[in-house]
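What follows is a single structure, written as structure tokens, with notes after it.
The values are calculated or read from the model by the stated rules, or taken from the named source; none is laboratory data. The shown structure was predicted, so the numbers you read here are calculated from the model rather than taken from an experiment. Quick reminder, even Gly has a Cβ in these numbers, built from the backbone with ideal geometry, and neighbours come from all protein chains shown. Surface areas here come from the heavy atoms of the whole protein model, side chains and all, with no ligands, DNA or RNA. Shrake-Rupley method; radii C 1.70, N 1.55, O 1.52, S 1.80 Å.
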Amino acid sequence: MNIYFNLRGTVKRPLAEDRAVAEAAMNPPHRSSNSHDVRPSTESLQKNNSSNSGVILDISALKMAEVDSEVPPLPPRYRFRDLLLGDQTFPNDDRVQVEFYVNENTLKERLKLFFIKNQRSSLRIRMFNFFLKILTCVLYIVRVSLDDSTAVNCNPCTAICHNNSRTNTTESLKINWDLIFWVNRHECVWAIQVTVALIGFLETMLITYLSYKGNIWEQIFKICFILEMINTVPFIITIFWCSLRNIFVPVFLNCWLAKGALENMINDFHRAIQRTHSAMFNQVVILICTLLCLVFTGACGIEHLERAGKPLSIFYALYFCIVTFSTVGYGDVTPKIWPSQLLVVILICVALVVLPLQFEELAYLWMERQKLGGNYSRHRAQTEKHVVLCVSSLKIDLLMDFLNEFYAHPRLQDYYVVILCPTEIDIQVRRILQIPLWSQRVIYLQGSALKDQDLMRAKMDDAEACFILSSRNEVDRTAADHQTILRAWAAKDFAPNCPLYVQILKPENKFHVKFADHVVCEEEFKYAMLALNCVCPATSTLVTLLVHTSRGQEGQLSPENWQKMYGRCSGNEVYHIRLCDSKFFGEYDGKSFTYASFHAHKKYGVCLIGVKREDNKSILLNPGPRHIMAAADTCYYINITKEENSAFIFKQEEKHSKGLSVSGLYDAPSRLPVHSIIASMGTVAIDLQNPDPPEESGKLTLPTENGDGSRRPSIAPVLEIADSSAILPCDLLSDQSEDETNQSDEEGSVGSDFVKGYPPNSPYIGSSPTLCHLLPQKAPFCCLRLDKGCTHSSFVDAKAYGFKNKLIIVSAEMAGNGLYNFIVPLRAYYRPRKELNPIVLLLDNAPDNHFLEAICCFPMVYFMAGTIDNLDNLLQCGIIYADNLVVVDKESTMCAEEDYMADAKTIVNVQTMFRLFPSLSIITELTHPSNMRFMQFRAKDCYSLALSKLEKIERDKGSNLAFMFRLPFAAGRVFSISMLDTLLYQSFVKDYMIAIARLLLGLDTTPGSGYLCVMKITEEDLWIRTYGRLFQKLCSSSAEIPIGIYRTESHMFSTSESQVSINVEHGEEQRERRDAWKEKVAHRNSTASDQSEHPLLRKKSMQWARRLSRKSAKPPSRTERISQQRLNLYRRSERQELSELVKNRMKHLGLPTVGYDEMNDHQNTLSYVLINPPPDTILELNDIVYIIRSDPLAHMPEDSQVGQARGSRNQQEFGTETRDETHL
């Protein structure tokens, strides 16, 4: 390369490297005497310059003491050459060009570049060499097929040959060595072989010369060089010595040279196309070539050696080699002379050495490939559909949840799942993936989502979707989120058109992945669900059942009625359909939403919960009666299955009335539509009832009250078009109900201290603004501490505050930003002020000022440093005044040496509190759902053992909800965030599920959309009788949509499996049910609070002890006194001991014990959730109904005075609501 320098220090004109190469090629340097005279310093500069480049130095300004005259101009040839090359020179510029030899310009370097270094030319040379060697092997086969051993001609020793041939005819056992050393070769075959040998010889010598690095013996003693000389030199000699043209040359050994050429050719091919096949492919090619070379060498060698004995054709020789190397050894073809037998021994020895090494390398690569998972082929990616699952570490529970939920949808059965994980596949996961059900559809690839090579292996750009899940078992959840964010960025960068489904743990990291199509923030959903569990019991169970795919077949073989009903209702899910395409809702075009919801439930048994306008992207839950249904609306409903999988079966008389055919229909009419639903993956048969209500249904015969014969008004019909005077708006912004005259001054002052507004400080970016109850002024940070007084307040415990409502205590490790989502739903504007429960945060670590700044605007929110395993901390935070205790899973315990032991500490602590405070509703979050069987554990409870057997049966049947019959889960007292993983998986098929879940949990507040709340069935409401009539009552009076029931039943947990039964039988009359309920309540209330787990055994033991104490009326002796003391200690039940322990600690802390004495043991009950139950479901006392109440702000009148009048009328007619209860 030529570079022009100016000695003044500036570079004048650098030339391109390729021009320098071309210049050196056209004009090699001349070392003439003239050049030495003109450029006296050229040789010295050439010796000192190590860059091997040409340099032109500008020395016009250089003053040299040794040279008096200026340097003469360059010769004309240099100037002309520079002019041709575009180098503009000035007449007065005196320059000296210094040129050096460049190694790349020598002939050897050019040849090396062409034959070795350049990938493309080297590939062509090796391909030519490979086909040349194959040609020599083909020529050998041709020569063998044309060979005639009887016509062997050897000129130097003709007589000897003939003599030996005659001898062999007489003595057949002797070896004819002439037939081994001499063959019959035709002239044309000889000419071609000589030509090929000459080309191969010259190429070998050239490659050897170019590869020479100073050690000639290393080149000579290479095996490939020796073989090349053996196969080429004899043919070249025959050119000059004609008598040796028939000499035997082992040309078949060229197959080994062809093998080496093929290996080099594959390597050059990879370098040329800049892509590499797997090492597995290369090793398989090498192994196959080695086997072929061994068989071909053995067949050709044996065929040639057997010419000296009993001739053997090339086919039989090949047959013998294959039979020998396959260790079969039939023995029908064997070598007859010792040279061929010696060759067989040598080949077997070589095979025993070479083949095991090849197989070992292949096995090692196979094992490594199994670890890495190979590739997902491009052809399969273009012809089949697949999704990619990116995880940090793959656990068996996570995998099975994903596969069961993903493949539960019929249209996803043909999809492939490609798992991309950086860790080696787990043994349990490997076993699962070897099951035929998954082995053909699931592909595991070990790799990183941050490497484009691994994303290419997974064919991310062709994937239908990419699921990126966070590792929730990490100690540092923020670091886990950072890894998830990078994976999402990498996937978006590599495949911009691939839909992303991302799971984030911390809410503050959610905005980094807002570009994803669907995002689920774990802590947002977790805390919002736990908060709703406190005001709407078992919300976690309700949402979990809704987001799981089920056929509703769980528990149908159980003898328990509640399990059958609970399992059948668990099959309800959320579906969608356009109104114009729906048979469920198509007839309600132009009618109100409430009218459509009621009549669709009455006629088809489906529950319409929401709608979306065509011109609006927001989903509205229960938009109210003022929303008029349009043909383009998208309807969202709850049902066993979607409408497309339903078959509509009309009653015969209705068919006749409509003039329809009655062939193939059921003759026996059913009572209600839902009773005829058959939950299956195929078709659901729905028996359609007459949509017109009977004449007598307008008036209801109601039971008399107190014998005075007074009756309640009947249920009004649901209007097609909303009547503004019929629907009474609930103006929650004015809170008229809280200004009642019978309210105390203290309550009025407390209520007046609250205002409604949006929280001024959000702890993280991306939180949805929610209208809440707020304080007029932010509370000082010191006032938020519950257990320490300050200058503003001297209260040091919960009792001193004198709260009117029960407390909600949250036990967490630290005050994360997700805890903000626990407070917001409990302080939402639609919660009545006087029903706001005080919230106490029991934190292991004190919160920082950033979190306190976010919560100081909410009323009655306090924190305290402490743990749940400390009884003093629990008593100080007011646990005896609490109605709900929420135990949040701690991050530090999520990672354990044994995975399922991560919940050990939480379970034991909750079990302790379960014994200490039996009436307290404890809501626990666990890391692993399988550990919920240890919640409220009773070792001798045979009913729990029966439920355990039922769970195993359902799991064996392939149920995704095998744990649903566990009593703590059914009652909503235990929850695992991993249950909501299916929410992200379902969004692949139902893209609206995340939005609906956020609306139900109160995470998003869309204007016009309703919210989830509950109402309790009291004795005054039992006249409604059935769930279908309740649906009509709510729709007609307050435009509320019920979606389910939370039912609690009394149950005796007996010690014998034969006694496991439920006291409520299906099908009893209403009066019998009411009497049975009263008996249950009386039995429950009669249970002493100081009894142990088994009251019957404890009662008998107390009677036995009492009889012992009355045997003797004599003054007690010392021994009797000791026995009496022991008896008194024995009389103390476990419950009394725990009660005394708690009271002693309360006295030590200076707390009154009155509240603790009122706590009763309500453990002998079971609760469960019924989603969208049949309309004929009988209502029971204390049933809690889940309802979706319409947005109060959507129905606010324009005139505030009108709103106040309506609010006062609402008070007079319906009274004051308590805890979101609707008194009917």
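The sole residue among Ser978, Ser948 that is within 30 Å of Arg472 (Cβ to Cβ), of a type in the set (Ser, Thr, Tyr), assigned to a helix (DSSP H, G or I) and in contact (Cβ under 8 Å) with a residue 60 or more places away in the chain is Ser978.
If you check Arg441, Arg431 for being in contact (Cβ under 8 Å) with a residue 12 or more places away in the chain, of a type in the set (D, E, K, R) and on the phi < 0 side of the Ramachandran plot, only one passes: Arg441. Residue under question is Cys790, and the condition is that it be open to solvent by 50 Å² or more (accessible area, probe 1.4 Å), over 38 Å from the mean Cα position of the chain (by Cα) and not hydroxyl-bearing (Ser, Thr, Tyr); does it hold? So Cys790 fails the test. Being under 18 Å from Ala865 (Cα atoms), open to solvent by less than 40 Å² (accessible area, probe 1.4 Å) and modelled with pLDDT under 90 is a property that Glu813 has.
Matching residues to (1) without any contact (Cβ under 8 Å) to a residue 60 or more places away in the chain; (2) of a type in the set (S, T, N, Q); (3) open to solvent by less than 60 Å² (accessible area, probe 1.4 Å):
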{"site": "Leu202", "(1), (2), (3)": "yes, no, no"}
{"site": "Lys213", "(1), (2), (3)": "yes, no, no"}
{"site": "Trp217", "(1), (2), (3)": "yes, no, no"}
{"site": "Val251", "(1), (2), (3)": "no, no, yes"}
{"site": "Cys255", "(1), (2), (3)": "no, no, yes"}
{"site": "Ala258", "(1), (2), (3)": "no, no, yes"}
{"site": "Glu263", "(1), (2), (3)": "yes, no, yes"}
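Take Tyr758 and decide whether it is farther than 30 Å from Thr1153 by Cβ and either of a type in the set (Val, Ile, Thr) or free of Cβ contacts under 8 Å to residues at least 60 places away in the same chain (or both). When the stated conditions are applied, Tyr758 passes them. The condition (being under 16 Å from the mean Cα position of the chain (by Cα) and either modelled with pLDDT of 90 or more or over 22 Å from Ala828 (Cβ atoms) (or both)) is satisfied by just one residue among Ala516, Ala495, Ala479: Ala516. Close Cβ contacts (under 6 Å, 6 or more residues apart or on different chains) running from residues in the stretch 476-498 that are under 15 Å from Asp517 (Cα atoms) to residues that are open to solvent by 10 Å² or more (accessible area, probe 1.4 Å) and part of a helix (DSSP H, G or I) comprise Ile485/His512; Ala495/Asp461.
Hey, does the stretch 994-1004 have a residue that's modelled with pLDDT of 90 or more, open to solvent by 20 Å² or more (accessible area, probe 1.4 Å) and more than 21 Å from Cys534 (Cβ to Cβ)? Yes - at least one qualifying residue is present in the stretch 994-1004.
Within the stretch 899-927, restricting attention to residues that are surrounded by fewer than 18 Cβ atoms within 10 Å (Cβ to Cβ) and under 15 Å from Ser976 (Cα atoms), the residue that is modelled with the lowest pLDDT is Asp899. Can you name the residue in the stretch 520-538 that is in contact with a helix residue (DSSP H, G or I) (Cβ under 6 Å, 6 or more places away or on another chain) and outside any helix (DSSP H, G or I) and is also nearest to Val989 (Cα to Cα) among such residues? It comes out as Val520. Those helices (runs of 4 or more DSSP H) of the stretch 399-514 in which 1 or more residues are farther than 28 Å from Thr549 by Cβ occupy 427-433, 452-457, 477-494.
For Asp401, the test of being open to solvent by 10 Å² or more (accessible area, probe 1.4 Å) and modelled with pLDDT under 85 is failed. Selection of first residues in the stretch 798-810 that are under 24 Å from Asn533 (Cβ atoms) and of second residues that are open to solvent by 50 Å² or more (accessible area, probe 1.4 Å) and of a type in the set (A, V, I, L, M, F, W, C), restricted to Cβ pairs under 7 Å at least 6 apart or on distinct chains, gives the following pairs, ordered by first then second residue: Tyr801/Phe795.
Per-residue answers, yes or no, for (1) touching a Gly at 6+ places or on another chain (Cβ under 7 Å); (2) open to solvent by less than 10 Å² (accessible area, probe 1.4 Å); (3) hydroxyl-bearing (Ser, Thr, Tyr); (4) farther than 15 Å from Ser1009 by Cβ:
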residue	(1), (2), (3), (4)
Phe584	no, yes, no, yes
Ala600	no, yes, no, yes
Glu614	no, no, no, yes
Ile619	yes, no, no, no
Ala631	no, no, no, yes
Thr634	no, no, yes, no
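Scanning the stretch 117-138 for residues that are in a helix (DSSP H, G or I) and open to solvent by 50 Å² or more (accessible area, probe 1.4 Å) yields Lys117, Gln119, Arg120, Arg124, Arg126, Met127, Phe128, Phe131, Ile134, Leu135, Val138. The one condition from (1) modelled with pLDDT under 90; (2) surrounded by 19 or more Cβ atoms within 10 Å (Cβ to Cβ) that Thr539 does not meet is (1).
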